Amino acid sequence: MNSEQQTLLRQLEENIRRVVLGKPEVVRHCLVALLAGEHILLEDVPGVGKTLVGKALSKSVSGDFCRLQFGPDLLPSDIVGSSIFNAKSSEFVFHQGPIFANIVLADEINRAPPRTQSALLEAMSDGQVSVDGQTYRLPSPFLVIATQNPFEFEGTYALPESQLDRFLLRISIGYPTRADERQVLTSHRMGQPVEQLKAVVTGEQVLRFQAAVREVVVEESIADYLLDIVDATRKCDELSVGVSTRGALSLYRAAQASAALDGRAFVTPDDVKQLAVPALSHRVIARGYASGQQRAALEALIRRLVGTVRVPI
């Protein structure tokens, strides 16, 4: 990644942090997902800024933005679109759904039934949707930022493992510090600061960022270190399902994106270690309970397994 791209990335990060106050790690993780060309799940209590993060990122990247409010009455066709009969031409014409955008905010994704949730699977995995036997490509870049409240289960549908596996990272935002919260109160006195954000990069520039990230070097010893961590989850007696190959590839790409954000052309063991928990904890199932439960325990388990794997020198 050249110096001009590094400068643009710093400007992008600073632009988002103007409104997402006191959460540099959250902003960084969102940029890792963007650069890796994958998606992110924000899981936390209401009112801590999950939707704000999605809006700030979409405002900072020039392109189409869509917010989908998931609910029990949302249908798959409300997301991907549908074919409507045109009386003049006597044929069905496909009308694109809101998912045909560069950045899609899937708000409260677990409030929609599984059938509706599954409408995102093909889009998130392959960047396309299939309707009535026809395949339609989604715009590029394409990023889904999903949110959900992990503490409220009434009227919700837990995301299945196949859906969770499509997310590069699962993170929490958490409460701000008192000083940051005071700044939030002051900055919101006259309205929503996120509405004043201007785009600092274009979609074409994001695609070039993503191409540059794929060129970040991952030495064989680092790749083996990553696979050792993945293998440890598969051999762990406390887990009934370990990390999939898709999960290993996601951690690989996330580590490349993290290195690029730091201005490096190579991945270090720390890149892998720091991203292992948010990239892998939602892809495993512990014995005795579903993957959507006991999140803290699963994260602690992944952290412990990473600590048992020898770090390459």
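The values are calculated or read from the model by the stated rules, or taken from the named source; none is laboratory data. These figures come from a predicted structure and were not determined experimentally. Ideal geometry is used to build each Cβ from the backbone, glycine not excepted, and the neighbour counts take in all protein chains shown.
Being in contact with a Lys or Arg (Cβ under 9 Å, 6 or more places away or on another chain), among the acidic types (Asp, Glu), more than 18 Å from residue 164 (Cβ to Cβ) and not assigned by TED's automatic domain parsing to the domain that holds residue 9 is not true of residue 220.
Output the residue which, of all residues in segment 245-282 that are in contact with a strand residue (DSSP E or B) (Cβ under 8 Å, 6 or more places away or on another chain), crowded, with 20+ Cβ neighbours inside 10 Å and not small (Gly, Ala, Ser), is farthest from residue 12 (Cα to Cα). It would help to see each step written out before you state the result.
Quick first cut of segment 245-282, residues in contact with a strand residue (DSSP E or B) (Cβ under 8 Å, 6 or more places away or on another chain) only: 250, 253-254, 259, 265-267, 275, 278-279, 281-282.
From what's left, crowded, with 20+ Cβ neighbours inside 10 Å: 250, 253-254, 259, 267, 275, 278-279, 281-282.
If we keep only those that are not small (Gly, Ala, Ser) too, we end up with 253, 267, 275, 278, 282.
Details: 253: 20, 267: 22, 275: 21, 278: 22, 282: 28 Å.
Per the criteria, the residue is 282.
Scanning segment 207-243 for residues that are at pLDDT 95 or above, polar (S, T, N, Q) and over 17 Å from residue 6 (Cβ atoms) yields 221, 233.
Can you name every residue in segment 16-31 that is in a helix (DSSP H, G or I) and either touching a strand residue (DSSP E or B) at 6+ places or on another chain (Cβ under 9 Å) or of a type in the set (Val, Ile, Thr) (or both)? Working first, answer last.
Initial filter on segment 16-31 (in a helix (DSSP H, G or I)): 16-17, 24-31.
Hits for segment 16-31 are 16, 25, 26, 27, 29, 30.
Within segment 50-59, does at least one residue satisfy the condition of being closer than 20 Å to residue 166 by Cα, surrounded by fewer than 22 Cβ atoms within 10 Å (Cβ to Cβ) and of a type outside the set (D, E, K, R)? Yes, some residue in segment 50-59 is closer than 20 Å to residue 166 by Cα, surrounded by fewer than 22 Cβ atoms within 10 Å (Cβ to Cβ) and of a type outside the set (D, E, K, R). Are any of the residues in segment 70-89 touching a residue at least 40 places away in the same chain (Cβ under 8 Å), part of a strand (DSSP E or B), in contact with a strand residue (DSSP E or B) (Cβ under 6 Å, 6 or more places away or on another chain) and β-branched (Val, Ile, Thr)? Looking through segment 70-89, none of the residues is touching a residue at least 40 places away in the same chain (Cβ under 8 Å), part of a strand (DSSP E or B), in contact with a strand residue (DSSP E or B) (Cβ under 6 Å, 6 or more places away or on another chain) and β-branched (Val, Ile, Thr).
Among the residues making up segment 204-223, a single one is closer than 18 Å to residue 32 by Cβ, of a type outside the set (A, V, I, L, M, F, W, C) and loosely packed, with under 12 Cβ neighbours inside 10 Å: 215. With respect to the conditions (1) more than 30 Å from residue 118 (Cα to Cα); (2) modelled with pLDDT of 95 or more, residue 168 falls short on a single one, namely (1).
The single residue among 77, 3 that is surrounded by fewer than 19 Cβ atoms within 10 Å (Cβ to Cβ), under 20 Å from residue 209 (Cα atoms) and either among the small types (Gly, Ala, Ser) or not assigned by TED's automatic domain parsing to the domain that holds residue 191 (or both) turns out to be 3.
Quick check on my filter: what residues within segment 117-172 are assigned to a strand (DSSP E or B), among the polar types (S, T, N, Q) and out of contact with any Lys or Arg (no Cβ under 6 Å at 6 or more places or on another chain)? Give the steps one after another, and end with the answer.
So the first thing to find is which residues in segment 117-172 are assigned to a strand (DSSP E or B), and the list is 128-131, 134-137, 143-148, 167-171.
This time we only want the ones that are among the polar types (S, T, N, Q), so: 128, 130, 134-135, 147-148.
Scanning segment 117-172 gives 130, 134, 135, 148.
Note on segment 44-67: among residues that are touching a residue at least 40 places away in the same chain (Cβ under 8 Å) and in a strand (DSSP E or B), the one that is nearest to residue 21 (Cα to Cα) is 61. Could you check segment 183-203 and list, in sequence order, the residues that are surrounded by 12 or more Cβ atoms within 10 Å (Cβ to Cβ), assigned to a helix (DSSP H, G or I) and not hydroxyl-bearing (Ser, Thr, Tyr)? Within segment 183-203, 183, 184, 193, 194, 203 qualify.
Which one of 122, 154 is surrounded by fewer than 20 Cβ atoms within 10 Å (Cβ to Cβ), of a type in the set (Asp, Glu) and touching a helix residue (DSSP H, G or I) at 6+ places or on another chain (Cβ under 9 Å)?
Values: 154 fails: touching a helix residue (DSSP H, G or I) at 6+ places or on another chain (Cβ under 9 Å).
Answer to the selection: 122.
When you look at residue 34, is it over 15 Å from the mean Cα position of the chain (by Cα), touching a residue at least 24 places away in the same chain (Cβ under 8 Å), part of a helix (DSSP H, G or I) and not assigned by TED's automatic domain parsing to the domain that holds residue 281, yes or no? So residue 34 does not fit the description; no. Filter segment 211-269 down to the residues that are within 18 Å of the chain's Cα centre (by Cα), of a type in the set (S, T, N, Q) and in a loop (DSSP other than H, G, I, E, B) and list them by number. Matches in segment 211-269: 244 only.
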